[in-house]
Amino acid sequence: MFSAGRNSADPIRFTPGRIKTELLSGLTVALALVPEAVAFAFVAGVHPLVGLYAAFIVGLVTALIGGRPGMISGATGALAVVMVSLVALHGVEYLFATVVLMGILQILAGVFRLGKFIRLVPHPVMLGFVNGLAIVIFMAQLTQFKTVDTYGEIVWMTGLPLIIMLGLVAATMTIIWLMPKVTKAIPAPLAGIAVIAGIVIFFGIDVPRVGDLASIKGGLPEFHIPMVPINLETLKIIFPFALILAAIGLIESLLTLNLVGEITEQSGGASQECVAQGLSNTITGFFGGMGGCAMIGQSMINMKSGGRTRLSGIASALFLLAFILFASPMIEQIPLAALVGVMFMVVIGTFAWQSLRIMRIIPLSDTLVIILVTAVTVLSDLAVAVVVGVIVSALVYAWNNARRIHAISEINEDGAKVYKIEGPLFFGSTDGFAEIFDIKGDPDLVIVDFMNSRVVDQSALQAIEVLASKYNAVGKHIQLRHLSRDCHRLLNRAGQLMVDSDDDPNYGVAVNYSVKTGILGGNH
């Protein structure tokens with residue numbers, strides 16, 4: 001018996017029951033990975049095996065060394081939609097080279113610990129990401145309700161085929177919902193797939209099956225150096241795509257990392273996940289795969305099936321390879337309706353339904369961010385949605401802080417007027433800062449006390465100098481008091497904006513500093 005390493009005070013132990021749960025969970029995930037990988041390969045314009053090999057290699061490597069045990073990675077639609085233009089313009093060999101470079105960039109992001117910046121993503125953006133991705137997963141399943149008519153055109157199902165398809169989907173969802181109430185010995189999604197597949201095969205029901213998408217039969221992935229010229233021209237072609245793919249892959253992976261961490265009560269691992277994603281993609285590019293990243297849908301299937309350790313992810317990758325090598329005839333008989341039912345349950349479980357309720361009580365700005373990120377995720381892609389959400393959230397934060405700055409003023413025993421500033425002084429609050437002071441009515445000495453404030457940026461320095469210039473112009477003097485050490489250093493880096501007095505430099509705060517004007521062009 002040994003522990004399945006995780007960042008928790010109560011590690012999971014590998015008992016026979018736990019191993020069974022992990023293996024069955026991995027099998028369930030592998031079954032759901034097959035149509036997804038094939039579909040995303042079609043989106044990218046490559047052979048289905050290119051998607052399946054990516055799902056196997058990326059899934060295996062990240063399961064072994066990723067930052068969050070139990071998280072599932074593979075070929076994803078978010079990356080496929082970017083790859084399609086590259087493949088169309090330059091061919092699949094350039095895709096493999098791009099995936100290698102994408103992996104190297106992701107490894108560098110992990111080495112330089114850039115993954116920690118995911119903490120800058122606010123909770124409303126996370127809710128929007130989850131909701132948007134749930135909608136995207138739902139919309140992706142709708143393609144299974146299309147068929148080819150007698151003229152070779154792709155059309156929506158109608159009549160009896162549609163009724164049968166909907167009935168099987170509903171039956172799968174019902175089994176998944178009821179199964180945990182009866183027994184937890186078998187993962188509910190696996191039970192749903194097995195029961196519906198058995199019914200369809202036994203009664204010979206004519207419905208779309210996995211084999212109708214494409215054959216998944218193949219051999220072991222072979223080492224293959226991308227056949228592209230090694231020159232600057234090639235780098236100019238693949239680098240922009242590699243950079244975009246690396247960013248999308250890391251954003252989706254790190255957000256999924258946080259989401260899975262909330263479920264499993266784990267934390268950390270962002271930099272490790274970046275390295276794992278990068279190494280997996282670098283290897284994938286050399287073995288004829290299309291690359292990938294974390295998959296929230298399959299990760300949720302794994303979580304709901306009981307998978308909590310690296311074993312479930314490793315098992316899913318190995319089961320997928322076994323399907324390709326040995327079990328393709330059997331897997332190709334699984335009805336797509338069963339897999340659609342599983343994914344619909346994933347959608348229901350993934351969508352943050354509580355966000356609809358809390359929108360009535362949270363600030364309007366947060367509500368708008370949730371809606372905006374959800375919409376952009378659906379209409380564009382995840383990376384753009386998250387960047388837009390973070391920017392909007394940052395602007396809202398800056399606006400709110402800009403309105404907070406004010407001052408309490410008093411006359412001290414020496415007859416000087418003291419302005420006790422409240423709130424941060426930065427680019428957004430400089431106008432409010434300037435409006436605080438009564439330059440004409442103030443006495444000859446004015447003290448600006450920053451005990452409850454912070455001097456944040458160059459705009460703040462500029463505002464202080466402009467203020468000092470205005471007081472100097474009417475023959476008055478200004479001093480700064482209670483600047484923290486970081487503020488002190490910031491002012492000094494501006495070129496001795498502050499004129500030092502005889503204060504002890506070991507003090508926690510600096511007091512009564514004069515201001516030298518003209519350094520930052522405050523008179524202009």
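The values are calculated or read from the model by the stated rules, or taken from the named source; none is laboratory data. Note that the coordinates shown come from a computational prediction; the quantities given were computed from them, not determined experimentally. Neighbour counts run over all protein chains shown; Cβ positions are idealised from the backbone, glycine included. Side chains are part of the model used for accessible areas, which takes the heavy atoms of the whole protein and leaves out ligands, DNA and RNA. Shrake-Rupley method; radii C 1.70, N 1.55, O 1.52, S 1.80 Å.
Some notes on this structure:
- Scanning the stretch 303-322 for residues that are open to solvent by less than 20 Å² (accessible area, probe 1.4 Å), modelled with pLDDT of 95 or more and either in contact with a Lys or Arg (Cβ under 8 Å, 6 or more places away or on another chain) or not small (Gly, Ala, Ser) (or both) yields a single hit, 320.
- Test result for residue 370, within 25 Å of residue 260 (Cα to Cα), touching a residue at least 24 places away in the same chain (Cβ under 8 Å) and of a type in the set (Val, Ile, Thr): yes
- Of the residues screened, residue 119 is one that is out of contact with any strand residue (DSSP E or B) (no Cβ under 9 Å at 6 or more places or on another chain), under 23 Å from residue 371 (Cα atoms) and of a type in the set (D, E, K, R).
- Figure legend. Inter-residue proximity from the stretch 213-233: first residues under 21 Å from residue 318 (Cβ atoms) and open to solvent by less than 80 Å² (accessible area, probe 1.4 Å), second residues aromatic (Phe, Trp, Tyr) and not in a helix (DSSP H, G or I), beta-carbon distance below 7 Å, spacing 6+ or different chains. Indicated pairs: 221/287.
- None of 216, 205, 244, 225 is hydrophobic (A, V, I, L, M, F, W, C), in contact with a helix residue (DSSP H, G or I) (Cβ under 8 Å, 6 or more places away or on another chain) and either more than 28 Å from residue 341 (Cβ to Cβ) or part of a helix (DSSP H, G or I) (or both) except 244.
- For the stretch 42-55, the set of residues classified as assigned to a helix (DSSP H, G or I) and at pLDDT below 90 consists of 42, 43, 44, listed by residue number.
Okay, residues lined up against (1) touching a Leu at 6+ places or on another chain (Cβ under 9 Å); (2) β-branched (Val, Ile, Thr); (3) in contact (Cβ under 8 Å) with a residue 60 or more places away in the chain; (4) surrounded by 15 or more Cβ atoms within 10 Å (Cβ to Cβ):
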{"site": "165", "(1), (2), (3), (4)": "yes, no, yes, yes"}
{"site": "172", "(1), (2), (3), (4)": "yes, yes, yes, yes"}
{"site": "186", "(1), (2), (3), (4)": "yes, yes, yes, yes"}
{"site": "189", "(1), (2), (3), (4)": "yes, no, yes, yes"}
{"site": "193", "(1), (2), (3), (4)": "yes, yes, yes, yes"}
{"site": "196", "(1), (2), (3), (4)": "yes, yes, yes, yes"}
{"site": "201", "(1), (2), (3), (4)": "no, yes, yes, no"}
{"site": "207", "(1), (2), (3), (4)": "yes, yes, yes, yes"}
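- Here is the figure for the stretch 173-187: residues that are at pLDDT 90 or above and under 30 Å from the mean Cα position of the chain (by Cα) total 3.
- The stretch 405-456 - residue that is of a type in the set (Val, Ile, Thr) and within 41 Å of the chain's Cα centre (by Cα) and, of those, most open to solvent (accessible area, probe 1.4 Å): 456
- Some residue of the stretch 75-84 being in a helix (DSSP H, G or I) and over 21 Å from the mean Cα position of the chain (by Cα): yes
- Residue-level check: of (1) within 21 Å of residue 332 (Cα to Cα); (2) in contact with a Lys or Arg (Cβ under 9 Å, 6 or more places away or on another chain), residue 211 misses just (2).
- Every listed requirement among (1) open to solvent by 10 Å² or more (accessible area, probe 1.4 Å); (2) closer than 17 Å to residue 307 by Cβ is met by residue 57 save one, (2).
To keep it simple, each residue is scored yes or no on (1) polar (S, T, N, Q); (2) open to solvent by 10 Å² or more (accessible area, probe 1.4 Å); (3) free of Cβ contacts under 8 Å to residues at least 60 places away in the same chain; (4) not in a loop (DSSP other than H, G, I, E, B).
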| residue | (1), (2), (3), (4) |
| --- | --- |
| 273 | no, no, no, yes |
| 277 | yes, no, no, yes |
| 283 | no, yes, no, yes |
| 299 | yes, no, no, yes |
| 340 | no, no, no, yes |
| 349 | no, yes, yes, yes |
| 355 | yes, no, no, yes |
| 366 | no, yes, no, yes |
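- Every condition in (1) assigned to a helix (DSSP H, G or I); (2) open to solvent by 20 Å² or more (accessible area, probe 1.4 Å); (3) touching a residue at least 60 places away in the same chain (Cβ under 8 Å) holds for residue 178 except the one numbered (3).
- Among the residues making up the stretch 75-112, a single one is within 22 Å of residue 28 (Cβ to Cβ) and either touching a His at 6+ places or on another chain (Cβ under 8 Å) or open to solvent by 10 Å² or more (accessible area, probe 1.4 Å) (or both): 77.
- Checked against (1) in a helix (DSSP H, G or I); (2) in contact with a Leu (Cβ under 7 Å, 6 or more places away or on another chain), residue 327 passes all but a single condition, namely (2).
- Selection within the stretch 369-389 - within 15 Å of the chain's Cα centre (by Cα), hydrophobic (A, V, I, L, M, F, W, C) and open to solvent by less than 40 Å² (accessible area, probe 1.4 Å): 370, 373, 376, 382, 383, 385, 386
- Scan of the stretch 457-479 for residues that are open to solvent by less than 20 Å² (accessible area, probe 1.4 Å) and touching a helix residue (DSSP H, G or I) at 6+ places or on another chain (Cβ under 7 Å), ordered by number: 460, 461, 463, 467, 478
- Checklist (1) at pLDDT below 90; (2) more than 28 Å from residue 396 (Cα to Cα); (3) in contact with a His (Cβ under 9 Å, 6 or more places away or on another chain) applied to residue 471, failing item: (1)
- The residues of the stretch 62-74 that are assigned to a helix (DSSP H, G or I) and surrounded by 23 or more Cβ atoms within 10 Å (Cβ to Cβ), listed by number, are 62, 63.
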